[in-house]
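Engineer: Here you go, one structure.
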Amino acid sequence: GKDFRAWYGLGQAYELNNLHSYAIHYYANAALSKPFDSRMWAAMAQCYDKMGKSSEALKCTERVERVKDKESIALHKLARLYAQMGDKKKAAICFEENLTRRDNEGVESSETIEAYLFLAKYFLETGDLNKAMENAKPLEDYSGTEREEANRIIAEIN
């Protein structure tokens, strides 16, 4: 445990000073001593993300998901990364999985709205109008631009 805390502490210190490549080195060592601790992988993903290294960030985020991040933050980040990289299909799979989990836990948030909107657009694009409608409908309860976009999608489907 002692090694782990030391490596993790050094990683955090470097990360706070925006020295991400050093931080990753220390987080990686922490991960070696505690490979099933999702915090290390999440910390590395964040550093890679800040360095603009999307594919490495993605690998670390996938690892977080494998060691099971209970708050499903990882799944949402994973969906977002896939969307950024233009892999809409994988993004949609992650967003859907995340919404399913949130339904079971009863969590509503800006992430939920983001997921519904992405999926409504994605299924409209791919021609699955039932699923597009399913994801656009809940957005009618929100105010702002998401609601307007949802109404536009619903109008297009009808």
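Engineer: With θ taken as phi - 60° and the coefficients 6.51, -1.76 and 1.60, list the Karplus ³J(HN,Hα) couplings across the range 3-11 in order, rounded to whole Hz; mark glycine and proline as x.
Structural biologist: Values per residue, Gly and Pro as x: 4, 4, 4, 5, 4, 5, x, 5, x Hz.
Engineer: So what is the calculated 222 nm ellipticity per residue for the chain, using -39500 (n - 2.57) for each DSSP H run with n of 4 or more, over all residues, to the nearest 500 deg cm²/dmol?
Structural biologist: Numbers: 9 runs with 123 residues, N = 158.
Helix-only estimate at 222 nm: -25000 deg cm²/dmol.
Engineer: Per residue, what accessible area does the chain have, given a 1.4 Å probe and all protein chains present, in Å²?
Structural biologist: Solvent-accessible surface per residue comes out at 58 Å².
Engineer: Here's another thing I want to ask about it. Please turn the phi angles of the range 148-156 into ³J(HN,Hα) values with the Karplus equation 6.51 cos²θ - 1.76 cosθ + 1.60 (θ = phi - 60°), one per residue in order, whole Hz, x for glycine and proline.
Structural biologist: 4, 5, 4, 4, 5, 5, 4, 4, 5
Engineer: So, with a 1.4 angstrom probe, what is the percent of accessible area on the chain that is carbon and sulfur?
Structural biologist: On the way: 4570 of 9100 Å².
With neighbouring chains kept in place, the figure for the chain is 50 percent.
Engineer: Between (i) 30, 20, 15; (ii) 29, 16, 14; (iii) 36, 15, 13, which matches semi-axes √(5λ) of the Cα gyration tensor in Å calculated for the structure shown?
Structural biologist: Evaluating semi-axes √(5λ) of the Cα gyration tensor in Å on these atoms matches (iii).
Engineer: Which whole-Hz ³J(HN,Hα) couplings does the range 79-90 yield from phi under the Karplus relation 6.51 cos²θ - 1.76 cosθ + 1.60, θ = phi - 60°, glycine and proline marked x?
Structural biologist: Rounded to whole hertz, the list is 4, 4, 5, 4, 4, 4, 7, x, 8, 5, 5, 5.
Engineer: Additional query: Can you order the peptides 38-50, 74-86 by their average number of other Cβ atoms within 10 Å per residue, highest first?
Structural biologist: Values: 38-50: 22.1, 74-86: 20.4.
By packing density, highest mean first, the sequence is 38-50, 74-86.
Engineer: Using Cα positions and a limit of under 13 Å, work out the aspartates and glutamates in reach of LYS88, with same-chain residues fewer than 8 apart set aside.
Structural biologist: Candidates past the 8-residue exclusion: GLU96, GLU125.
The values are calculated or read from the model by the stated rules, or taken from the named source; none is laboratory data. Computed from a predicted structure; not experimentally measured. Every residue, glycine as well, gets a Cβ built from its backbone with ideal geometry; the counts of neighbours run over all protein chains shown. For accessibility, only protein heavy atoms count, side chains too; no ligands or nucleic acids. Shrake-Rupley method; radii C 1.70, N 1.55, O 1.52, S 1.80 Å.
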